[in-house]
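I have placed the structure first, in the form of C-alpha cells, so that the comments after it can refer back to it.
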Amino acid sequence: MGFLRSLLRGPDPPTATTAPAAGQLRSPDPPRLDVGWATDVGSIRDHNEDSVLVISAVQEGDDQQPPFGLFIVADGMGGHRAGEAASSLAARVSAHHITSRCYLPALLRTESDAYQPSLTEILVDAVLAANDAVYQQVRGGGTTLTCALVLGPQAYIAHVGDSRACLIDEARLEQITHDHTLVERLIENGQLTADEAANHPQQNVLYRAVGQGSQLEVDTHVRRIAPDNHLLLCSDGLWNVLGSAKITQLIQDTPSVQSACQSLVAAANRAGGPDNITVILWRSPSG
Amino acid sequence: MSVHSEPGVEGRLPEGYLLRDRYRILGLLAAGGMSAVYTAQDLRFTNVRRTCAVKAMVNSAESPDARAVALRNFEREASLLASLSHPGIVQIYDCFSEGRRSYVVLELVQGKDLETILTETRGFISEGSVVNWALQVCAVLKYLHSHEPRPIVFRDIKPSNLMLDHHGHIRLIDFGIAKVFHAGEKGTMIGTEGYSPPEQYRGVADPRVDIYALGATIHHLLTRRDPRKEPPFTFDKCPIQEVNPSVSLGLVEIVHRALAYEVDDRYSSAEQMRQALASLPSVANSHATVRLDTPTGDRDGVTPLWRFGSEDEIRSSPAVDNGTVYVGAYDNNLYALDAETGELLWKYPTGGGIGSSPCVYEGVALFGSVDHALYAVEADTGRVRWTCPTQGKIWSSPRAAFGHVFFGSDDRHLYAVNVQGGRVAWKFETDGKVRSSPAVGEETIYVGCEASALYAVDMGGNTRWRFRARRGVTSSPALAREMVYVGGQDRYVYGVDAQSGWLVWRYRTGGPVISSPAVDDQVVFVGSADGHLYALNAETGRLVWRHATGSQVTSSPVVFNHRVYFGSVDGYVYSLDTEAGDLRWRFQTGGPVTSSPTAAHGLIYIGSSDRYVYALPA
C-alpha cells in the first residue's frame with residue numbers, strides 16, 4: 001500500500017541517502033534477469049549449427065528502466081558449414097538491430113516517441129535485416145530465428161522457422177510460436193493427421209526460413225509472463241525428442257533456470273540426441 | 001381583443017429577428033389571438049443547423065400586479081413542463097421573458113397534427129390507426145395523471161394538439177401555457193369548446209376531463225364530424241356507426257363510455273381506457289398506421305425502451321449505478337434518471353455545459369463542467385457535497401479509485417482529489433490541456449494531453465514515463481494486460497508497454513483517433529474520424545476487421561456480450577458482432593452521436609446531439 005501512502009502524502013522525499021554497509025545488500029532480491037541457457041551438438045551430429053545469444057541488462061538508480069533481456073535461438077542449415085554461419089550471423093545481426101534501436105536509445109532518455117519505430121516493428125526489421133545479411137553473405141545457408149525481447153514481465157517475440165518459444169506455467173506448456181514446417185502446414189490444411197505427420201519423411205522441411213530470398217514474412221507475439229512462470233526458447237533438437245509434459249516436469253523439478261537448461265539438454269541426449277540441442281530459459285520475477 | 005399600449009406588443013417577430021442573441025426567427029408557424037409560434041434556429045450550435053419552435057406570448061394583464069402574477073404563473077408552469085420527460089411530450093428547452101413578451105423554446109416536431117391529417121384524408125381514417133393513436137395518447141395521459149405531487153391535467157386534448165411525427169409517434173404539442181396570461185379574462189376557458197366536458201366549464205380540472213376530450217377526439221376522427229360546429233355534449237345524437245359503419249361495436253362502446261356526461265360514468269383512469277382499447281381486435285391491425293414520409297426514419301428494428309430529452313446536446317457518456325443513469329448535457333445539467341423508465345429523479349445545474357462523463361464512487365456522482373469546476377454530488381439526492389475549482393474547462397471524465405478522483409483540466413494539470421473532502425492531494429503538470437480521461441492502474445495513472453504526450457504518473461504525482469505522439473492525445477487510454485492502448489490525433493492507434501512506456505505497436509487509420517479504445521479478449525476496438533470502427537489484435541496491432549459508417553467515429557466503443565456498440569456522427573448507434581464486425585442492428589437518432597455507450601442491465605445507454613439519452617435493448 002505504499003502507493004496509497006504516497007498518494008495521501010504527496011511525493012516521497014528522496015530515499016536511500018545512506019549507503020549500505022560494506023558486504024551488505026541494500027535489498028535482499030535486487031531486480032535481475034533470471035535466465036539460463038545451454039547448447040549442445042547432440043549425440044549424433046559432428047558439429048553444432050545452432051546459435052544462441054543472450055543479453056541481460058539491469059539498471060538501478062533514479063528513473064530506472066525495467067530489466068531488459070534479449071534472447072535469440074537460431075538453428076542453421078546448409079552444407080559446408082553454411083548452417084552455423086547462417087545461424088550465427090542471423091543472431092548477431094538481429095541482436096545488433098534490436099539493441100541499437102531500442103535499448104541503447106533508452107539509456108539516454110526516459111521518453112519514447114511516435115517517431116521511433118514500435119517494438120514490434122523493430123523486431124520484424126531485425127529479422128528482415130538478418131534475412132538480408134544471410135541471403136547476401138552465406139551462400140546456400142539458411143536458418144530459423146526466434147528472438148524474444150523481455151521488458152519487465154512482457155515478452156515480445158519475432159519468429160521464423162521451427163525453433164520454438166513456449167510459455168510454461170505451473171503445470172502446462174503453451175507453444176507461443178508457430179512452426180513453419182511443411183508438415184505443420186499440411187496438418188493445418190487437413191492433408192495430414194498428427195499421426196501421419198509424426199512419420200512423415202519431410203519432417204524437417206521448412207516453408208519459411210531466414211536467408212532464403214529477399215522477401216520474408218515474420219510472425220510477432222506479445223505475451224505477459226505471470227510471476228514465476230517460464231519462457232523457453234529452444235531448437236527442434238529439444239522439442240522433437242522431449243514431449244511437453246517431460247519438458248514442463250524437468251523445469252518444475254529443477255531449482256535454478258541454469259541447471260534446468262542442462263537437465264533439458266541431458267534428457268534430449270538420453271532420448272537419442274539426433275540433432276543439435278539449444279535452450280534458453282527465463283523465469284519471470286516473483287510478484 | 002384590444003391592443004395594449006406597449007409598442008409592438010401585438011406585432012409579429014420579423015424573419016431574421018434575434019432573440020436573446022441565440023434564437024434566430026426563421027418564420028411563422030402558427031398564430032393565435034395572444035400567441036404565435038415561430039420556427040427558429042438555435043445559433044448556439046455552430047456546426048449544425050438546429051431548428052426549434054419558439055412560442056411567443058403576450059402578457060395582456062392590465063395592472064402591473066396582475067402582470068407579475070401572470071409572469072410568476074408562467075415561470076412555474078414552464079418549470080413544471082421542463083421537468084416532464086415522456087416520448088409523447090414535446091420537450092421544452094428554454095423559457096424567458098422580455099418586457100411584456102414571454103417565450104418558450106420547444107422541440108420542433110416534424111410531422112402533421114391529426115386535424116391536418118383529417119383534412120387531407122379522403123374518406124375515413126382506419127379504425128386501426130385511430131386506435132393506435134388513442135393508445136399512445138392514453139400512455140401520455142397515464143404519465144401526466146400519475147405525476148407527483150399532483151396529477152397534471154392536459155385540459156385540451158383535440159386533434160390539432162396531437163402531432164404525428166415521422167416515426168409514427170403521437171406527441172402532445174400544446175400545454176396551453178399561454179393561458180396563464182389571460183386566465184382571469186372574462187369568457188376565457190381553458191380547453192376547447194366541443195372537446196371539453198361539462199364540468200370543465202365549471203372550472204373543474206379532474207384527470208377525467210382528458211378522457212372525455214380523448215373520447216371526443218376519437219369520435220371526430222372516426223366520423224369526420226367536427227364537435228366545434230355542433231351544440232355541446234351532443235355526441236349521442238350522432239351514433240358513430242350510422243356515419244361510419246366500418247367502426248367496430250367494441251370501439252363505439254369505448255368512445256361512448258369516455259364521453260359520458262357524468263364524470264363517474266367515464267373510465268376512471270387513462271390506463272383503464274388504454275386497456276379497453278388494447279383489447280380491441282383492431283389493435284392487431286394497428287400497424288396499418290398512416291405512414292408519413294419518413295426522410296430519415298430508418299430504425300432497423302430497434303425500439304428504445306425509453307428516451308429522455310435534455311435541453312441541449314449530450315456528448316458525454318452516461319454512467320449507470322444502482323439502477324440510476326447519470327448523464328451530463330451541454331444544457332449545464334447533470335441528470336439522474338431511473339434506469340428502467342428514464343424518469344427524471346433529479347438534476348443538478350452547473351455553471352457551464354457538461355462534456356465530461358460522470359463516474360459514481362462511494363455514493364457520490366463526480367463530473368466536470370466547462371465552468372472549470374469538478375462537482376461531487378450525492379448520487380441519490382443530487383445534493384452537492386463539494387466542488388473543486390480548476391483554472392480551465394473540464395472536458396476530461398473523472399475516474400475514481402483508492403478514495404481519490406483523478407481528472408484533467410484545460411489548465412494543463414492532472415488532478416488527484418480526495419473524494420471525501422474534495423481536497424487536492426496533488427496536481428501533475430503536463431505540456432498541454434488535459435482532455436483525455438485518465439486510466440488508473442494498480443500503481444500508475446495514464447493520461448494523454450493535447451500537446452501530443454501520453455503520461456504515466458505514479459500515485460504520488462511523479463512522472464514514470466512519457467510517450468510522445470506526433471499530435472495531441474485526446475483519446476482516453478485503455479489499460480489491459482500490461483499494455484496501454486490509446487488513439488492519437490496523428491491518426492495512429494498506439495499500443496504502449498505500461499511499465500516502460502515503450503511503443504509496442506502502432507496502427508495507422510485514415511483520420512484522427514479521438515475515440516477511446518475498448519479492449520476485450522485480445523482485441524482492441526477503436527473508432528477513427530475516417531468513419532471506421534477498427535478491431536485490432538491487441539498483441540500485434542494487426543487489423544482483424546473494420547466496419548464503415550457514414551461519418552466520423554469519435555464515440556468510444558463498449559463491448560458487451562460479444563457485441564461492440566458505438567455511435568457515429570452519421571447519427572446512428574451501431575451494434576456489431578465482435579468476431580467479424582457484422583452489423584447486428586443500428587438505431588438512428590436525430591443528430592450526430594459522439595457520446596459513448598454504457599452497457600448495464602442488458603441495455604445500452606447512449607446520448608446524442610439530438611439532446612436525448614436513449615435506453616436501447618442490447
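Taking the conditions (1) open to solvent by 10 Å² or more (accessible area, probe 1.4 Å); (2) farther than 19 Å from B:R584 by Cα; (3) among the polar types (S, T, N, Q); (4) away from chain A (no Cβ under 14 Å) in turn, B:N561 satisfies each one other than (2).
The rows are residues; the columns are (1) more than 14 Å from B:Q489 (Cα to Cα); (2) within 14 Å of another protein chain (Cβ to nearest Cβ); (3) touching an Asp or Glu at 6+ places or on another chain (Cβ under 8 Å).
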{"position": "B:W502", "(1), (2), (3)": "yes, yes, no"}
{"position": "B:R508", "(1), (2), (3)": "no, yes, no"}
{"position": "B:S516", "(1), (2), (3)": "no, no, no"}
{"position": "B:D521", "(1), (2), (3)": "yes, no, no"}
{"position": "B:N537", "(1), (2), (3)": "yes, yes, no"}
{"position": "B:R542", "(1), (2), (3)": "yes, yes, no"}
{"position": "B:S551", "(1), (2), (3)": "yes, no, yes"}
{"position": "B:T554", "(1), (2), (3)": "no, no, no"}
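Would you be able to say whether some residue in the stretch B:43-50 is outside the structural domain of B:L144 (by TED's automatic domain parsing), in contact with a helix residue (DSSP H, G or I) (Cβ under 6 Å, 6 or more places away or on another chain) and either touching a residue at least 60 places away in the same chain (Cβ under 8 Å) or open to solvent by 60 Å² or more (accessible area, probe 1.4 Å) (or both)? No, because not a single residue in the stretch B:43-50 is outside the structural domain of B:L144 (by TED's automatic domain parsing), in contact with a helix residue (DSSP H, G or I) (Cβ under 6 Å, 6 or more places away or on another chain) and either touching a residue at least 60 places away in the same chain (Cβ under 8 Å) or open to solvent by 60 Å² or more (accessible area, probe 1.4 Å) (or both).
If we keep just the residues of the stretch A:189-248 that are within 14 Å of chain B (Cβ to nearest Cβ) and either of a type in the set (K, R) or touching a helix residue (DSSP H, G or I) at 6+ places or on another chain (Cβ under 6 Å) (or both), which is most open to solvent (accessible area, probe 1.4 Å)? Among them, the one singled out is A:R224. Tallying residues that are open to solvent by 10 Å² or more (accessible area, probe 1.4 Å) and among the hydrophobic types (A, V, I, L, M, F, W, C) within the stretch B:490-502 yields 1.
Looking across the stretch B:536-562, the residues that are free of Cβ contacts under 8 Å to residues at least 40 places away in the same chain and in a strand (DSSP E or B) come down to B:N537, B:L543, B:V544, B:W545, B:R546, B:H547, B:A548.
When the stretch A:90-129 is limited to residues that are closer than 22 Å to A:Q215 by Cβ, in contact (Cβ under 8 Å) with a residue 40 or more places away in the chain and hydrophobic (A, V, I, L, M, F, W, C), the one that is most open to solvent (accessible area, probe 1.4 Å) turns out to be A:L128. All of B:G541, B:G591, B:G531 fail the test of being within 23 Å of B:R307 (Cα to Cα), among the small types (G, A, S) and open to solvent by less than 40 Å² (accessible area, probe 1.4 Å), apart from B:G591.
Among the conditions (1) on the phi < 0 side of the Ramachandran plot; (2) surrounded by fewer than 24 Cβ atoms within 10 Å (Cβ to Cβ); (3) more than 25 Å from the chain's Cα centre (by Cα); (4) more than 14 Å from every other protein chain (Cβ to nearest Cβ), B:E378 misses just one, which is (3). Tell me, please, whether a residue that is surrounded by 18 or more Cβ atoms within 10 Å (Cβ to Cβ) and under 20 Å from B:A278 (Cα atoms) can be found in the stretch B:106-115. No: the stretch B:106-115 contains no residue that is surrounded by 18 or more Cβ atoms within 10 Å (Cβ to Cβ) and under 20 Å from B:A278 (Cα atoms). Just one of B:G511, B:G550, B:G607, B:G602 is touching a strand residue (DSSP E or B) at 6+ places or on another chain (Cβ under 9 Å) and surrounded by 18 or more Cβ atoms within 10 Å (Cβ to Cβ); which is it? On inspection, the qualifying residue turns out to be B:G607. Of all positions in the stretch A:226-239, at least one carries a residue that is touching a Cys at 6+ places or on another chain (Cβ under 6 Å) and in contact (Cβ under 8 Å) with a residue 24 or more places away in the chain. Checking B:G495, B:G501, B:G432 one by one, the residue that is more than 19 Å from B:S356 (Cα to Cα) and assigned to a loop (DSSP other than H, G, I, E, B) is B:G501 and no other. Filtering the stretch B:239-275 to residues that are closer than 17 Å to B:H220 by Cα and among the aliphatic types (A, V, I, L, M) leaves B:I240, B:V243, B:V247, B:L249, B:L251, B:V252, B:I254, B:V255, B:A258, B:L259, B:A260. List the pairs whose first member sits in the stretch B:178-206 and is of a type in the set (S, T, Y), whose second member is outside any loop (DSSP other than H, G, I, E, B) and at pLDDT below 55, and whose Cβ atoms are under 7 Å apart, counting only residues at least 6 apart or on separate chains? Close Cβ pairs (under 7 Å, with a partner that is outside any loop (DSSP other than H, G, I, E, B) and at pLDDT below 55) amount to B:T188/B:H182.
Checked against (1) closer than 23 Å to A:D50 by Cβ; (2) in contact with a Pro (Cβ under 6 Å, 6 or more places away or on another chain), A:L149 passes all but condition (2).
Scan the stretch B:447-489 for residues that are crowded, with 24+ Cβ neighbours inside 10 Å, in a loop (DSSP other than H, G, I, E, B) and away from chain A (no Cβ under 12 Å) and report the count. Residues that pass the stated criteria total 5. If you go through the stretch B:150-172 and keep only what is part of a loop (DSSP other than H, G, I, E, B) and closer than 23 Å to B:G194 by Cα, you end up with B:I152, B:V153, B:F154, B:R155, B:D156, B:I157, B:K158. Taking residues in the stretch B:377-401 that are without any contact (Cβ under 8 Å) to a residue 12 or more places away in the chain, and partners anywhere that are open to solvent by less than 90 Å² (accessible area, probe 1.4 Å) and of a type in the set (A, V, I, L, M), the pairs with Cβ atoms closer than 8 Å and at least 6 places apart or on different chains are B:R383/B:V377.
Looking across the stretch B:523-535, the residues that are part of a loop (DSSP other than H, G, I, E, B) and out of contact with any Asp or Glu (no Cβ under 9 Å at 6 or more places or on another chain) come down to B:S528, B:A529, B:D530.
The values are calculated or read from the model by the stated rules, or taken from the named source; none is laboratory data. What you see is a predicted model, and the numbers here were worked out from it, not measured in a lab. Heads up, the Cβs are rebuilt from the backbone with ideal geometry, glycines too, and the neighbour counts pull from every protein chain shown. Areas reflect the complete protein model, heavy atoms only, side chains present, ligands, DNA and RNA absent. Shrake-Rupley method; radii C 1.70, N 1.55, O 1.52, S 1.80 Å.
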